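Please read the structure below before turning to the comments.
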Number of protein chains: 2
Amino acid sequence: MKNYIQADPWCIIEEGFDPKLNKISESLFSIGNGKMGQRANFEETYSGESLQGSYVAGVYFPDKTRVGWWKNGYPPTFDKVINSTNWIGIDIYINNFLLDLAKCQIIEFKRILNMKEGFLQRSFMININTDQKVEVHAIRFCSIDNDEIGAISYTIKLLNFDASIKIVSKIDGDISNQDSNYDFKFWEPVKDKKTENGIFLQTKTLKTGFELCVGVHTTILTDKISAEKMHSEFKHEIKFIAEEFSLNVCAGTEVKIIKIASVLSSLNYQVDQLLVNCEAKLMAAVNEGFAKLFKNQKKAWSRKWEHSDIQIEGDVKAQQAIRFNIFQLFQTYTGTDSRLNIGPKGFTGEKYAGATYWDTEAYCIPFYLSTAPQEVAKNLLIYRYNHLTKAIENAEMLGFINGAALYPMVTMDGTESHNEWEITFEEIHRNGAIAYAIFNYIKYTQDWKYLEQYGLEVLIAISRFWAQRVNWSQEREKYVILGVTGPNEYENNVNNNWYTNYLAVWCLKYTQEAMFYVSKNSPNRYQEIIEKLEFNQGESAQWKDIIGNMYYPQHKKLEIYLQQDGYMDKEQWLVKDLPASERPLNQKWSWDRILRSCFIKQADVLQGLYFFEDDFQIDDIRRNFDFYEMRTVHESSLSPCIHSILAAKLNDEARAYEFYLRTARLDLDDYNNDTEDGLHITSMAGTWMSIVQGFAGMRVKNDKLYFKPFLPEQWNAFTFHIGFRGNILSIKISKGFMEIQNKSNHTINIIVVDLDYSVAANNTLKIDLKV
Amino acid sequence: MKNYIQADPWCIIEEGFDPKLNKISESLFSIGNGKMGQRANFEETYSGESLQGSYVAGVYFPDKTRVGWWKNGYPPTFDKVINSTNWIGIDIYINNFLLDLAKCQIIEFKRILNMKEGFLQRSFMININTDQKVEVHAIRFCSIDNDEIGAISYTIKLLNFDASIKIVSKIDGDISNQDSNYDFKFWEPVKDKKTENGIFLQTKTLKTGFELCVGVHTTILTDKISAEKMHSEFKHEIKFIAEEFSLNVCAGTEVKIIKIASVLSSLNYQVDQLLVNCEAKLMAAVNEGFAKLFKNQKKAWSRKWEHSDIQIEGDVKAQQAIRFNIFQLFQTYTGTDSRLNIGPKGFTGEKYAGATYWDTEAYCIPFYLSTAPQEVAKNLLIYRYNHLTKAIENAEMLGFINGAALYPMVTMDGTESHNEWEITFEEIHRNGAIAYAIFNYIKYTQDWKYLEQYGLEVLIAISRFWAQRVNWSQEREKYVILGVTGPNEYENNVNNNWYTNYLAVWCLKYTQEAMFYVSKNSPNRYQEIIEKLEFNQGESAQWKDIIGNMYYPQHKKLEIYLQQDGYMDKEQWLVKDLPASERPLNQKWSWDRILRSCFIKQADVLQGLYFFEDDFQIDDIRRNFDFYEMRTVHESSLSPCIHSILAAKLNDEARAYEFYLRTARLDLDDYNNDTEDGLHITSMAGTWMSIVQGFAGMRVKNDKLYFKPFLPEQWNAFTFHIGFRGNILSIKISKGFMEIQNKSNHTINIIVVDLDYSVAANNTLKIDLKV
């Protein structure tokens, strides 16, 4: 737990420099634009502790799998988004002294992440050689308006001395991954070039052969010398190029370095066209100029905030935190490219390989559905649609047949990357989450075309998996699902995980409904799908049989759903009785002790009650919540939000707020001591859900937006922005009141605590909640 | 399945050379003496497929653990016996042609492993340069009489041409392991030296700092030149030395190379005394001369066979196989050093790291108990006694307290090496096997002193583990054991594995009995132990409670013990219905499919019925046997022997024989296509058990040897030798008769099929079994 970030409604601010916090700040102040991103490493040399990180979305490497003991079915490689060419580097020599904050006296230091306008700002004043004062101001951003462009403005001022300055503007492609299974390097050189428009470096990933071309144009501006006239020298080594500028500078003169970069990958260009396109893109950006690029960046962020901002009145730290979460989510994924997805650490670190998990479907889709145009969430679904063939192959590798699909636990391109049998082969509920996301998307958007065009094929393949994954227990005369790991990963290889069993049956039912819908509304397309997938009626009958005869573990006396068979054989402790010294369990206990204990990592039964809340009575939900929450250690950042939403549903406002707090500032306050590895991007969506689905109680019911709001007593009011079927609403919850501002040109019908309301176009409705 | 080994009662014979079989033969023809061993690699250069292997017992390296996903409690290293200095190499150049069987025409080739006399013999005739014929005869052995000495006699004869011959007698210490997690080399150089007595190379393992000194003395004898006169040149490189001899040889002249080696390790000498001792040992052996060393070798093996031979009449392949198994077991472990144990591959390959598994206690101890002096089995027990402190530390790492011990799954020096949570943390029945071995040893030997001196401390520590590993299930009002892996490793992380639960309670009961015995017979020692271990009466009371209230899963209707909770929820297939194309399952099925299936890898419930047969009614055993055997795929080489013994007990002689056949020639016929990796040493003990405990029905009952024999109808008779409390018996089972020859000087009382008999000293008793 740290507390060094200054509170501010729109900015993340660090004042003063503590080298011990640098890696945390590098994560927190990360910038990105969905296509590329970087940790907040310094432009100038820094020899202190640092995790250098520059990432390009979709550029990955199949690192050789490392396991102790091979199991049949393990994937041969672990695909990971890799650290790639670093274009931000600017070495500064002042009278041959290499500027390095680890090696000089720092008088002032300030780092700001401006979330409103989308840029990173840094300024510092230092002493070199006892009393030579130097001031630096730097601004950097990855353009969200022009997502192959990044820009830096870096100003140096010698305050009280004259000096010769050498400026080395670098492109470094000789990058290694901290996360490399066998310490391999993943990049090889292709070519480099200097033209009148800049310097260019093209490199290539081994094995996958992704090529990346980075071009940089550097301008030096001082009061005296104009950019065009300044001579530079071109340096190149293997996978590294630079331009060197030398000049003599008088005290008080500002030297401004404008470095504009274009970053293009072979994901979007023919490899032989990369360099020429990179140069053209760069030239265009240079012609626009830093000021214009910067202005466009601010505009683009303004548009994003209009759709997505949450204002919290009366709690500036909460305000800062929720905007931080929203900001980072949009820096990670912009939804313009269905080949991309959301890595758990985004572009802020290497952990979890930048790959796709079920986090996307369970946590991120609700966020993007409400805060971005419909295409954004749709592209996340199409990502999985495009991986369907590989999901079928993945299931085949495990022995499934007939077009059954098992989506991977962790993936870049649709193939499985994970290699723990208890997860890879057994945490199969992920397959259900992918079906649930389709349901959720259509419920929110009414985009039934999606079902016809894409969704139904995915649903059938997933249902085929479940139909083969169950088996008939003669003993129970029921279908059972053996050998699974539920969302609670503190249990492995259990039988009849209630959540998984319920989800499997739900998938079968929903697929049947979806088939019925498509057969009625698009009989031709339906026929096409049926033929393509060779679907036969026997399957339908079998699904019905499973739907009607699934076994669900329950505890009769306690009237709860049982997390899995045998759960009640465990020693029944409560989290409140766990000494603080033993937590977090995943650091303090051996794995077998965790497995044998009754303690739960994250919502499991409760995840099911959250997904399918309308299937259950409120008392049912309460009993399960009360039982399981007392046993839940929330050692996944994805856990508290589900509990917050359920607590809100159960009218337990205090606890809803308490759970919300657990993740709201998870990274800003370095709650788990791991922010230095990168940010918890996907759990940030959960924080958003706590406010919108929890505090505001937002749902879609009867095809309308539904709210059941409350205001945490720590706040004066909160306002959030929601897109719903092409309209944007601003919804404010204050003490006793709810205001719905309809920013669209149509009347909107909503439900608030079971009463129907209409809000006219461009109008605001204020509801007195106390009535 | 291969069929190229010629049948012979005392020899393993390969005639003709097939390079594709070479790695298999290298395993099969391995030689060793308990302290060192080697695969049957060629002395001369061989550029074809080969797995070079020389091993020194107890010299291991802690290879860095390789896992995909770290779990708390995993050991940081995997200790493995490593490939070490190769002293057998003799390069032969004939007119500058390097002799290499991969590069010349082979006219004749024969390899023989003489098991009666303990040596490896090889002869071949080749053509080089179209029609120059060369004949080679080689004999090699690792002296079992003088276990730091090995010797080679290598004779070359040019049949039809004169030539210059260069002989390079090598010591190669620049060895790498095939099984290295990160491709590291494990050895570094220390020094080398040539003296008038030979050449010497000393090397050292990284990290562990074991030092190994190998000395070699080479003599060249021809009709004309005596050894002393021949000049040699000394060559040395890093970790490699050699002596080169050059001579001109006429057609028909025999050139005999005698190479004697001494191999000493820092396990037994101060490092600074290694070389001097190595030289002294070598000098002594050279002075004895090859012929004398060879004679002693034959004598020593003759003594071993006297105690352990099994003769089978009427089935030469069976005869060959059982002697092969006995021979390899004695080559691997001689019982003179309690720091050593039995690696599953002995000195014949790198797989399973040459480390100790529960195989030792469950399978090997019964073999050595009956076929070798009592000290041999005792040293295997003391090995574990000496590891007690580490077993307690191992348990502490997993959260156990108060002197509870969990012995490692895989170990060299008492620390755990294995790194799969479902095995390392959960296959805890191994702890019970270690207690069972103490019980078994005392039952066989009546060496109660062992219990006082060593055994009781181990038993108490193991019982403390069980007492903490159970937990009380409020639900069942019984003690349960959750999250274990039984002997059937095709189930992981199950609850209430019947075998484990039964074994745990047995351990508690036996420990209580042992405590009672020691307290009565050695009250002082008892007091000493109680104080040392701080044992208190509360523990005793708790153990009683567990003993009285353990939960044992059962199936009431089928009247069987249930392998684990939920076993009957599985789809109930039988092995006979498994298509051949799907077997072995561990190669054909994904891991999750194996786990979900009802198929059993090796005896699990049945292992318990074998260990504790007297606790159960015969019908009980039959019902369980019939149920489980039909579901068992025997994909562990340790499985069939238990089934063979139980089938014999159930009077199912045909099946007892059928199970015996499955492992008897496992390696000789390369049944599992994996003999090239090394031999299945520990399962060889199981084959012995099938004959002695199975066919002869040997037990110890009421403190006497007990037999209930039958003769497989494929055999005319079989005779085995048994040591029992200082006496040696030769027992012959023929059609309808049993002959007991008492080779000792005391009368022996035995039981045969429930009748008591006396056999006078040095006398033979013939019993008519048909009566």
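The values are calculated or read from the model by the stated rules, or taken from the named source; none is laboratory data. Only a predicted model underlies this, so the values are computations on that prediction, with no experimental measurement involved. All Cβ positions, glycine included, derive from the backbone under ideal geometry; neighbour counts span all protein chains shown. The accessibility values were calculated without ligands, DNA or RNA, using every heavy atom of the protein model including side chains. Shrake-Rupley method; radii C 1.70, N 1.55, O 1.52, S 1.80 Å.
Quick notes on this one:
- Annotation: of all residues in the range A:757-771 being part of a strand (DSSP E or B) and touching a residue at least 12 places away in the same chain (Cβ under 8 Å), the one that is most open to solvent (accessible area, probe 1.4 Å) is A:K766.
- As a summary of the residue check, A:W591 satisfies the conditions (1) open to solvent by 10 Å² or more (accessible area, probe 1.4 Å); (2) aromatic (F, W, Y); (3) more than 14 Å from chain B (Cβ to nearest Cβ); (4) farther than 25 Å from A:I322 by Cβ except for the one numbered (3).
- Condition met for B:F124 (assigned to a strand (DSSP E or B), at pLDDT 95 or above, within 30 Å of B:A57 (Cα to Cα) and open to solvent by less than 60 Å² (accessible area, probe 1.4 Å)): no
- The range A:380-402, residues that are more than 13 Å from every other protein chain (Cβ to nearest Cβ), in a loop (DSSP other than H, G, I, E, B) and surrounded by fewer than 20 Cβ atoms within 10 Å (Cβ to Cβ): A:N402
- In the set (1) open to solvent by 50 Å² or more (accessible area, probe 1.4 Å); (2) closer than 17 Å to A:K708 by Cα, the condition left unmet by A:Y657 is number (1).
- Against the criterion of being within 18 Å of B:K281 (Cα to Cα), in contact with a strand residue (DSSP E or B) (Cβ under 9 Å, 6 or more places away or on another chain) and at pLDDT 95 or above, B:K194 qualifies.
- Here is the figure for the range A:479-538: residues that are farther than 26 Å from B:R593 by Cβ and either of a type in the set (D, E) or modelled with pLDDT under 95 (or both) total 4.
- Matching residues, the range A:524-576, being within 17 Å of A:F465 (Cα to Cα), in a loop (DSSP other than H, G, I, E, B) and touching a helix residue (DSSP H, G or I) at 6+ places or on another chain (Cβ under 7 Å): A:F535
- Residue satisfying all of: in the range B:536-561; among the hydrophobic types (A, V, I, L, M, F, W, C) and open to solvent by less than 20 Å² (accessible area, probe 1.4 Å); farthest from the other protein chains (Cβ to nearest Cβ) among these: B:W543
- Candidates in the range A:169-186 are the residues that are open to solvent by less than 10 Å² (accessible area, probe 1.4 Å) and part of a strand (DSSP E or B); of these, the one that is nearest to the other protein chains (Cβ to nearest Cβ) is A:I171.
- Residues being under 30 Å from the mean Cα position of the chain (by Cα) and under 12 Å from A:V168 (Cα atoms) - total across the range A:227-281: 1
- Residue ID - farthest from the other protein chains (Cβ to nearest Cβ), chosen from residues in the range B:52-70 that are of a type outside the set (F, W, Y), part of a loop (DSSP other than H, G, I, E, B) and open to solvent by 20 Å² or more (accessible area, probe 1.4 Å): B:Q52
- Neighbours by Cβ (under 7 Å, 6+ apart or cross-chain): first from the range A:418-429, more than 21 Å from A:K64 (Cβ to Cβ); second hydrophobic (A, V, I, L, M, F, W, C) and surrounded by 23 or more Cβ atoms within 10 Å (Cβ to Cβ): A:E426/A:V484; A:E427/A:M409; A:I428/A:L406; A:I428/A:V484; A:H429/A:L503
- The residues listed here are B:Q693, B:Q741; of these, the one that is closer than 22 Å to B:Y441 by Cα and open to solvent by 10 Å² or more (accessible area, probe 1.4 Å) is B:Q693.
- B:A405, sole failed condition from (1) surrounded by 23 or more Cβ atoms within 10 Å (Cβ to Cβ); (2) in a helix (DSSP H, G or I); (3) among the aliphatic types (A, V, I, L, M); (4) away from chain A (no Cβ under 14 Å): (2)
- Pair list, Cβ under 8 Å, 6 or more apart: the range B:459-477 residue closer than 15 Å to B:L398 by Cβ, other residue among the hydroxyl-bearing types (S, T, Y) and open to solvent by less than 10 Å² (accessible area, probe 1.4 Å): B:I462/B:Y407; B:I462/B:T511
- Those residues of the range B:470-480 which are at the interface with chain A (Cβ under 9 Å from one of its Cβ atoms) and either assigned to a loop (DSSP other than H, G, I, E, B) or open to solvent by less than 10 Å² (accessible area, probe 1.4 Å) (or both), in sequence order: B:S473, B:Q474, B:E475, B:R476, B:V480
- Index of the failed condition, B:D179 passing every other in (1) at negative phi; (2) at pLDDT 90 or above; (3) in contact with a helix residue (DSSP H, G or I) (Cβ under 8 Å, 6 or more places away or on another chain): (2)
- Any strands (runs of 3 or more DSSP E) falling wholly within the range B:226-267 and containing at least 2 residues that are modelled with pLDDT under 95: B:232-237, B:240-249
- Only a single item in (1) more than 13 Å from chain A (Cβ to nearest Cβ); (2) surrounded by 24 or more Cβ atoms within 10 Å (Cβ to Cβ); (3) of a type outside the set (S, T, N, Q) is not met by B:I442, and it is number (2).
- In the range B:492-505, the residues that are open to solvent by 10 Å² or more (accessible area, probe 1.4 Å) and either under 18 Å from B:T632 (Cβ atoms) or away from chain A (no Cβ under 13 Å) (or both): B:V494, B:Y502
- Here A:E117 meets the list (1) open to solvent by 10 Å² or more (accessible area, probe 1.4 Å); (2) part of a strand (DSSP E or B) almost entirely, failing just condition (2).
- Annotation note: of B:Q572, B:Q564, the sole residue that is within 14 Å of chain A (Cβ to nearest Cβ) and either at pLDDT below 95 or open to solvent by 10 Å² or more (accessible area, probe 1.4 Å) (or both) is B:Q572.
- Counting residues in the range A:73-93 that are touching a strand residue (DSSP E or B) at 6+ places or on another chain (Cβ under 8 Å), among the basic types (K, R), in contact (Cβ under 8 Å) with a residue 60 or more places away in the chain and within 14 Å of chain B (Cβ to nearest Cβ) gives one or more.
- Condition met for A:Y526 (within 21 Å of A:F439 (Cα to Cα), open to solvent by 20 Å² or more (accessible area, probe 1.4 Å) and either of a type in the set (S, T, Y) or within 13 Å of chain B (Cβ to nearest Cβ) (or both)): yes
- Only one of A:A685, A:A717 that is under 30 Å from A:Y352 (Cβ atoms), in contact (Cβ under 8 Å) with a residue 60 or more places away in the chain and open to solvent by less than 10 Å² (accessible area, probe 1.4 Å): A:A685
- The single condition among (1) touching a Pro at 6+ places or on another chain (Cβ under 7 Å); (2) of a type in the set (G, A, S); (3) under 21 Å from A:E491 (Cβ atoms) that A:S417 does not satisfy is (3).
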